[in-house]
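Participant: Here you go, one structure.
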Amino acid sequence: MPAESDLQGVYDEHAQALFAFLLNFTRSEEDARDLLQEIFIRLARQPGLLSGARDPRAFLIRLAHNGAIDLMRRRGTRQKYHEQLAEETPTIFATGENPDEAAFRESLSRALVELPPEQRAVVHLKLWENLTFDQIAEALDLSPNTAASRYRYGIDKLRERLRPLYEEIK
Amino acid sequence: MNAGDFEKQLKRQALRQIPSEWRAEILQKAEASTRNSKSAETQNPSWLSTLISHLSTILWPHPKAWAGLAAVWIVIGSLQFASSDHTNRLAARVERPSPESFAILRQQTRLLAELLGQSPPKDADRAKPNPSQPRSEQRTNTRIA
């Protein structure tokens, strides 16, 4: 087991990013928490898990992504889960004080739910984790070209969906 | 709408913060699970748990394929069981012929042989000549008789 302080260090460094990714992917705070817990249990039980990783953040996101995919499979088809997500839609953004900004975040959160999970994952990692397409490809186990095209499709859909609101607040 | 500006606008949106109380809970559970697994390892694992552990390692990559194979074996086994049971029941239903029937059959065979002019079949229970006697003595006895 990594020393207690090591595990705490990993938590302090990566838990926020993992939480944001899992919340965006699963759209359930409860699921995000359970998956985060699973990751840390695994890290505690397998001391060398992170030491062999070239990019610890990408590796942890990969664990989180795989865990979320397993969870979705256990619950049934992705489509069914996607429909369920569209009904729940908890926001993934901090509450803004500016009403325009709050409205934009609310709309963005809903627009993200409408993206297929694979596109949503790439968009999230590119926009809010600042990962390169190579890092995203490594984290999600796909080619950099696929990551880039998924990002492009995702951004185009978001732009279409948010165009009126964006023009208004710009 | 400029693509770059739009992406910058999206990037500016601050994400929700992880609840601060999760830290202690998640780390405590992770450490507790390690302690539990360590104490479980120190106890002598039973041969059954070892076997299950090995089997699960082997079967895990393709659980559906192995389950399918097991189902096929179960079907084959049940068919085999059903057919052998049927044969046994049939055999049990047929009555064994009585000694009287055997005697009648033997008599009829002998009668048929006489009618056809053949020597009657040798009885299996007829006493054989003494094999310890030399063949030369056998011949002498026959001539005397």
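The values are calculated or read from the model by the stated rules, or taken from the named source; none is laboratory data. Everything numeric in this text was worked out from a predicted model, so none of it was measured. All Cβ positions, glycine included, derive from the backbone under ideal geometry; neighbour counts span all protein chains shown.
Participant: Based on this model, can you work out whether B:E41 counts as within 30 Å of A:P99 (Cβ to Cβ) and either within 14 Å of chain A (Cβ to nearest Cβ) or at pLDDT below 90 (or both)?
Facilitator: Working: within 30 Å of A:P99 (Cβ to Cβ): no; either within 14 Å of chain A (Cβ to nearest Cβ) or at pLDDT below 90 (or both): yes.
No; evaluated as a whole, the condition is false for this residue.
Participant: Yes or no: the range B:99-108 includes at least one residue that is over 17 Å from the mean Cα position of the chain (by Cα), among the acidic types (D, E) and modelled with pLDDT of 85 or more.
Facilitator: Checking the range B:99-108: at least one residue is over 17 Å from the mean Cα position of the chain (by Cα), among the acidic types (D, E) and modelled with pLDDT of 85 or more.
Participant: If A:A148 meets every condition in (1) of a type in the set (A, V, I, L, M); (2) modelled with pLDDT of 90 or more; (3) within 21 Å of A:R27 (Cα to Cα) apart from one, which number is that one?
Facilitator: If we test A:A148 against (1) of a type in the set (A, V, I, L, M); (2) modelled with pLDDT of 90 or more; (3) within 21 Å of A:R27 (Cα to Cα), just (3) comes out false.
Participant: Okay, moving on. Just wondering, is there one or more residues in the range A:34-52 that are within 18 Å of A:Q135 (Cα to Cα) and in contact (Cβ under 8 Å) with a residue 24 or more places away in the chain?
Facilitator: Yes, there is a match, as at least one residue in the range A:34-52 is within 18 Å of A:Q135 (Cα to Cα) and in contact (Cβ under 8 Å) with a residue 24 or more places away in the chain.
Participant: Oh, and also: Return the residues of the range B:3-17 that are assigned to a helix (DSSP H, G or I) and at the interface with chain A (Cβ under 7 Å from one of its Cβ atoms); say none if nothing qualifies.
Facilitator: Just the residues of the range B:3-17 that are assigned to a helix (DSSP H, G or I), to begin with: B:3-11.
Within the range B:3-17, B:F6, B:E7, B:Q9, B:L10, B:K11 qualify.
Participant: Is it true that B:L59 is under 38 Å from the mean Cα position of the chain (by Cα), of a type in the set (A, V, I, L, M) and modelled with pLDDT of 75 or more? Please lay out each step first, then the result.
Facilitator: Details: under 38 Å from the mean Cα position of the chain (by Cα): yes; of a type in the set (A, V, I, L, M): yes; modelled with pLDDT of 75 or more: no.
No.
Participant: Right, next: Could you check the range A:96-146 for helices (runs of 4 or more DSSP H) lying wholly inside it with 2 or more residues that are under 16 Å from A:N66 (Cβ atoms)?
Facilitator: Numbers: elements: A:99-114, A:117-128, A:133-140.
Those helices (runs of 4 or more DSSP H) span A:117-128, A:133-140.
Participant: Shifting gears a bit: Taking A:A20, is it surrounded by fewer than 23 Cβ atoms within 10 Å (Cβ to Cβ), in contact with a strand residue (DSSP E or B) (Cβ under 8 Å, 6 or more places away or on another chain), facing another protein chain (nearest Cβ under 9 Å) and of a type outside the set (S, T, Y)?
Facilitator: yes
Participant: Report every pair of residues separated by at least 6 positions or lying on different chains whose Cβ atoms are under 8 Å apart, first residue within the range A:138-165 and within 14 Å of chain B (Cβ to nearest Cβ), second among the small types (G, A, S) and surrounded by 14 or more Cβ atoms within 10 Å (Cβ to Cβ).
Facilitator: Pairs found: A:K157/A:A111; A:L158/A:A111; A:R161/A:S107; A:R161/A:A111; A:L162/A:S107; A:L162/A:A111; A:L165/A:A103; A:L165/A:S107.
Every residue, every condition in (1) farther than 19 Å from A:A139 by Cα; (2) at pLDDT below 90; (3) away from every other protein chain (no Cβ under 12 Å); (4) buried (at least 21 other Cβ atoms within 10 Å of the Cβ), yes or no:
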| position | (1), (2), (3), (4) |
| --- | --- |
| A:N24 | no, no, no, yes |
| A:S28 | yes, yes, yes, no |
| A:A32 | no, no, no, yes |
| A:L35 | no, no, no, yes |
| A:E38 | no, no, no, no |
| A:I41 | yes, no, no, no |
| A:R57 | no, no, yes, no |
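Participant: Suppose we filter the range A:111-156 for residues that are buried (at least 23 other Cβ atoms within 10 Å of the Cβ) and in contact with an Asp or Glu (Cβ under 7 Å, 6 or more places away or on another chain); how many remain?
Facilitator: Residues in the range A:111-156 being buried (at least 23 other Cβ atoms within 10 Å of the Cβ) and in contact with an Asp or Glu (Cβ under 7 Å, 6 or more places away or on another chain): 1 in total.
Participant: Can I ask one more? Which of the residues that make up the range A:1-17 are free of Cβ contacts under 8 Å to residues at least 40 places away in the same chain and at the interface with chain B (Cβ under 10 Å from one of its Cβ atoms)?
Facilitator: Within the range A:1-17, A:E4, A:L7, A:Q8, A:Y11, A:D12, A:A15, A:Q16 qualify.
Participant: Something else about it: Are there any pairs with C-beta distances below 7 angstrom linking a residue in the range A:73-101 that is within 14 Å of another protein chain (Cβ to nearest Cβ) and more than 12 Å from A:L23 (Cα to Cα) to a residue that is at pLDDT below 75 and in a helix (DSSP H, G or I), with the two at least 6 apart or on different chains, and if so which?
Facilitator: Sorted first by the residue in the range A:73-101, then by its partner, the pairs are A:D100/A:I169.
Participant: Would you call B:A113 modelled with pLDDT of 80 or more and surrounded by 10 or more Cβ atoms within 10 Å (Cβ to Cβ)? Explain how you work it out, then say what you get.
Facilitator: On the way: modelled with pLDDT of 80 or more: yes; surrounded by 10 or more Cβ atoms within 10 Å (Cβ to Cβ): yes.
When the stated conditions are applied, B:A113 passes them.
Participant: While we're on this one: Can you tell me which of (1) more than 12 Å from chain B (Cβ to nearest Cβ); (2) buried (at least 22 other Cβ atoms within 10 Å of the Cβ) is the one A:I69 doesn't meet?
Facilitator: (2) is the only condition that A:I69 fails.
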